[in-house]
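The values are calculated or read from the model by the stated rules, or taken from the named source; none is laboratory data. Just so we're clear, the structure is a prediction, and the values are computed from it rather than from any experiment. Every residue, glycine among them, receives a Cβ derived from its backbone with ideal geometry; neighbour counts consider all protein chains shown.
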Amino acid sequence: MSEAALAVAGLDKRFGAVHALAGVDLAVAAAEFVVVLGPTGAGKTTLLRTIAGLERPDAGTIRLFGKDAAALAPAERDVALVFQNFSLYPGRTVRENLAFPLRAPGRGLATGEIAERVAWAAKLLKIERLLDRPARQLSGGEMQRVAIGRAIVRRPRLFLMDEPLSNLDAKLREELRIELRELARSLGTPVLWVTHDQAEALSMADRVVVLAEGRVLQDAPPEDVYLRPASPRVARLLGTPPMNIVEVRREGGWWVSADGTRIVEAPAGSPERATIGFRPEHVDPDGGATEGTIEVLEDLGPARILVARWA
Amino acid sequence: MSFLTLDGLAKTWPDGTRAVRGVDLAIQAGEFVVLLGPSGCGKTTTLRMIAGLETPTSGRVLLGGLDVTSLPPSRRDVGFVFQFYALYPHLSVEENVAFPLLCARMPKDERRAAVARVAARLGLGPLLPRRPRELSGGDQQRVALARAMVRKPALWLMDEPLGTLDADRRGEMCELLRAQQLEQKVTTVYVTHDQDEAMRLADRVVVMSEGEILQVGSPLEVYDEPATLFVARFLGSPGMNLLEGEVRRERGVAVFRSRGSTEPMRLPVLAAPGPTVLGFRPEAARLDLEGPLAGRVVLDAFHGACRYLHVEGGFGRIAVRETATRKSAAGESVRISIEPAAMRLFDTETGRRVA
């Protein structure tokens with residue numbers, strides 16, 4: 001494999017008594033889309049800010065394209081950070097907002113080059129018709145498109161996205177999820193995307209890094225994280241509704257629950273006690289030995305969820 | 001007679017914006033009604049007019065048969081819930097839950113009794129002396145719910161109460177809220193832009209756009225039988241697939257030919273020939289070597305229990321719901337067929353459902 005775009009090792013960061021990052025390892029390969037998934041307070045934002053150079057780690061290393069980032073100022077890291085709470089210049093037009101990062105001193109881009117890049121980004125994000133509108137007249141979704149446009153025009157080598165869709169309406173979130181995933185692929189720029197939304201993580205990621213309390217709980221492709229969770233904690237974080245988890249003991253070749261209900265046959269040589277987990281979609285309500293009563297039935301359109309109680 | 005009636009309710013802002021353009025709605029006692037629509041559709045303004053927080057430009061609000069249009073909020077007996085999250089960190093759970101009663105100047109004994117009742121219902125008894133930060137996220141939510149429910153008004157009005165919660169907490173909260181509402185039988189009007197919440201909570205969903213009601217129906221009705229293209233797109237995640245094309249009569253049967261696709265699709269209904277939009281849900285489409293639609297996979301989005309393949313072809317772009325194990329690579333050529341019973345037809349001009 002070619003050199004990683006980003007390699008983080010043993011990253012540690014404390015804020016007073018809060019251990020925000022407790023030894024985080026992760027890597028993003030060239031053109032890879034990696035999603036860090038975790039609940040509020042997991043350390044996701046601190047992780048991004050540390051990589052961007054806005055926070056200094058207490059321990060650990062960050063390598064960007066093979067270089068130790070400790071020696072690089074934020075501006076030299078050539079990464080673009082997009083926030084949940086995007087900020088635009090409200091009185092300026094979309095065009096001016098997009099051009100702004102390119103006019104920064106030291107960039108030395110010709111006027112023609114700037115116009116070209118603005119037009120390119122506007123086309124990719126489908127905001128061409130908005131170019132001459134003041135930012136304050138835009139809807140929330142349009143503003144976030146412009147904010148992402150501002151990150152793209154610079155053509156950074158790595159995108160760091162901090163819950164960029166969280167403030168948007170559900171419908172818009174779903175549309176942008178699909179659009180931005182395709183955009184990342186066509187640009188070929190690696191992305192580290194942070195979210196608490198598992199649908200975003202599963203549907204967008206090449207690889208999901210599950211983070212909780214500053215630690216990586218699992219780092220694997222979405223299918224593995226979902227179907228082969230590393231721990232009951234990960235199992236419960238994913239899936240709507242989440243994985244069913246039952247404490248069982250072995251009895252006469254079966255796994256049985258605390259009330260004696262047979263759940264599933266226990267393979268030979270299984271331990272005496274175990275915690276078993278199974279996804280709702282792998283339960284067949286019309287067959288099998290486990291009896292129960294349906295308590296709640298939720299029709300969600302494409303799927304129907306039954307909440308059943310056994311015994 | 002209905003419990004809450006909105007009669008030609010309209011609101012025009014001083015700058016001329018018509019936020020709500022004549023809404024008629026009748027809500028039965030004990031019903032859970034969700035106003036669903038994107039930002040700016042007028043759902044929150046409608047809710048605020050029911051509460052008395054905005055004065056309608058025209059139209060009436062009737063509560064229990066009484067015209068309350070000109071009554072102040074305090075005389076309408078409604079409970080307005082904004083967001084469930086914000087607990088006072090310096091107050092105990094008990095004080096947090098009692099807070100709305102304190103504001104309503106309820107005597108201390110009654111207050112204690114009311115808090116004890118709601119705490120028992122939500123299993124919060126042992127937590128009453130604790131502070132919010134000592135509780136787990138789930139317990140904090142139950143406290144917030146208890147606080148919202150400690151008063152029992154004639155009508156609950158809720159404005160995106162789950163908006164700020166993490167996605168995985170929202171489902172839990174929906175379940176709790178619905179169970180409580182069913183038990184208490186308090187008529188509820190709930191505003192959200194999130195169709196998933198609407199599907200889970202509502203007896204009836206009211207889909208709004210640009211200040212107007214587009215459709216009122218049970219969650220499954222608005223999902224399966226959308227009245228307009230807007231409703232078809234807005235419900236579902238991803239929304240309904242829509243193909244532009246034409247209905248024709250060919251060899252005695254009605255067929256649909258999509259723009260840019262060669263093979264005709266036989267329609268299960270008799271439809272008038274002419275330009276038409278064909279709609280179908282992603283779960284009504286499947287990969288099928290013999291299928292009439294040919295395209296390429298542009299995105300394979302895994303969703304845990306299933307995956308959505310986004311396919312592009314001469315017909316445009318559609319999403320196909322497939323089994324979780326049917327992994328696909330971008331660029332893969334596929335053919336797709338559609339379950340005939342799930343086909344819906346819309347008028348190209350008006351966007352209204354025709355069959």
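Taking every residue in the stretch A:228-242 that is at positive phi and touching a residue at least 40 places away in the same chain (Cβ under 8 Å) and pairing it with any residue that is surrounded by fewer than 21 Cβ atoms within 10 Å (Cβ to Cβ) and in a loop (DSSP other than H, G, I, E, B), at least 6 positions away or on another chain, the pairs with Cβ-Cβ distances below 8 Å are A:GLY239/A:ARG279; A:GLY239/B:ALA305. Just give me the residues in the stretch B:287-321 being of a type in the set (D, E, K, R) and away from chain A (no Cβ under 12 Å), in sequence order. Residues satisfying the conditions are B:ASP288, B:GLU290, B:ARG296.
Would you check if A:VAL35 is free of Cβ contacts under 8 Å to residues at least 12 places away in the same chain and either within 14 Å of chain B (Cβ to nearest Cβ) or among the aromatic types (Phe, Trp, Tyr) (or both)? Answer is no for this residue. Do we find that A:ALA135 is of a type in the set (A, V, I, L, M, F, W, C), under 14 Å from A:ILE152 (Cβ atoms) and at pLDDT 90 or above in this structure? Here the answer is no, as A:ALA135 does not meet what is asked.
In this structure, is B:GLU283 within 11 Å of another protein chain (Cβ to nearest Cβ), surrounded by fewer than 18 Cβ atoms within 10 Å (Cβ to Cβ), out of contact with any Ser or Thr (no Cβ under 6 Å at 6 or more places or on another chain) and within 24 Å of A:SER203 (Cβ to Cβ)? It is false that B:GLU283 is within 11 Å of another protein chain (Cβ to nearest Cβ), surrounded by fewer than 18 Cβ atoms within 10 Å (Cβ to Cβ), out of contact with any Ser or Thr (no Cβ under 6 Å at 6 or more places or on another chain) and within 24 Å of A:SER203 (Cβ to Cβ). Of all residue pairs spaced 6 or more apart or on separate chains, those with beta-carbon atoms under 9 Å, a first member in the stretch A:182-207 that is within 11 Å of another protein chain (Cβ to nearest Cβ) and closer than 19 Å to B:GLY163 by Cα and a second member that is among the aromatic types (Phe, Trp, Tyr) and outside any loop (DSSP other than H, G, I, E, B) are A:GLN198/A:TYR226; A:GLU200/A:TRP193. Among the residues of this structure, B:GLN181 counts as one that is away from every other protein chain (no Cβ under 12 Å) and assigned to a helix (DSSP H, G or I). Applying the set (1) over 22 Å from B:GLY42 (Cα atoms); (2) crowded, with 20+ Cβ neighbours inside 10 Å to B:VAL222 leaves exactly one unmet item: (1).
Exactly one residue out of B:ALA19, B:ALA114, B:ALA29, B:ALA98 is over 15 Å from B:VAL150 (Cα atoms) and not in a loop (DSSP other than H, G, I, E, B), and it is B:ALA19.
The set of residues in the stretch B:218-230 that are under 11 Å from the mean Cα position of the chain (by Cα) and either among the acidic types (Asp, Glu) or outside any loop (DSSP other than H, G, I, E, B) (or both) comprises B:PRO219, B:VAL222, B:TYR223.
Mind listing just one residue for me: the one in the stretch A:249-290 that is closer than 30 Å to B:ALA202 by Cα and not β-branched (Val, Ile, Thr) and, of those, nearest to the other protein chains (Cβ to nearest Cβ)? Ranking the candidates gives A:GLU281 first.
Within the stretch B:230-272, the set of residues being farther than 19 Å from B:VAL311 by Cα and within 14 Å of chain A (Cβ to nearest Cβ) comprises B:PHE230, B:VAL231, B:PHE234, B:LEU235.
Within the group A:LEU26, A:LEU54, A:LEU37, A:LEU6, which residue is of a type in the set (A, V, I, L, M, F, W, C) and at pLDDT below 95? Exactly one residue qualifies, and that residue is A:LEU54. A:ALA266 versus (1) over 30 Å from A:PHE15 (Cα atoms); (2) surrounded by 21 or more Cβ atoms within 10 Å (Cβ to Cβ); (3) in contact with a Ser or Thr (Cβ under 9 Å, 6 or more places away or on another chain): which is the lone unmet condition? In the conditions (1) over 30 Å from A:PHE15 (Cα atoms); (2) surrounded by 21 or more Cβ atoms within 10 Å (Cβ to Cβ); (3) in contact with a Ser or Thr (Cβ under 9 Å, 6 or more places away or on another chain), A:ALA266 misses (3) alone. Scanning the stretch B:309-323 for residues that are crowded, with 18+ Cβ neighbours inside 10 Å and not in a strand (DSSP E or B) turns up just one, B:PHE315.
Would you please list the contacts, defined by Cβ atoms under 9 Å and residues six or more apart or on different chains, that run from a residue in the stretch B:111-125 that is more than 16 Å from B:LEU176 (Cβ to Cβ) to a residue that is among the β-branched types (Val, Ile, Thr) and assigned to a helix (DSSP H, G or I)? Cβ pairs passing all conditions: B:ALA114/B:VAL97; B:VAL115/B:VAL97. Selection of the stretch B:292-308 for residues being buried (at least 18 other Cβ atoms within 10 Å of the Cβ), under 13 Å from B:ARG335 (Cβ atoms) and not β-branched (Val, Ile, Thr) yields B:PRO292, B:LEU293, B:GLY295. Yes or no: the stretch A:208-221 includes at least one residue that is crowded, with 20+ Cβ neighbours inside 10 Å and either in contact with a Phe, Trp or Tyr (Cβ under 8 Å, 6 or more places away or on another chain) or assigned to a helix (DSSP H, G or I) (or both). The answer is no, given that none of the residues of the stretch A:208-221 is crowded, with 20+ Cβ neighbours inside 10 Å and either in contact with a Phe, Trp or Tyr (Cβ under 8 Å, 6 or more places away or on another chain) or assigned to a helix (DSSP H, G or I) (or both). If the condition is being surrounded by fewer than 16 Cβ atoms within 10 Å (Cβ to Cβ) and of a type outside the set (Val, Ile, Thr), then the stretch A:42-61 contributes A:LEU54, A:ARG56, A:ASP58, A:ALA59.
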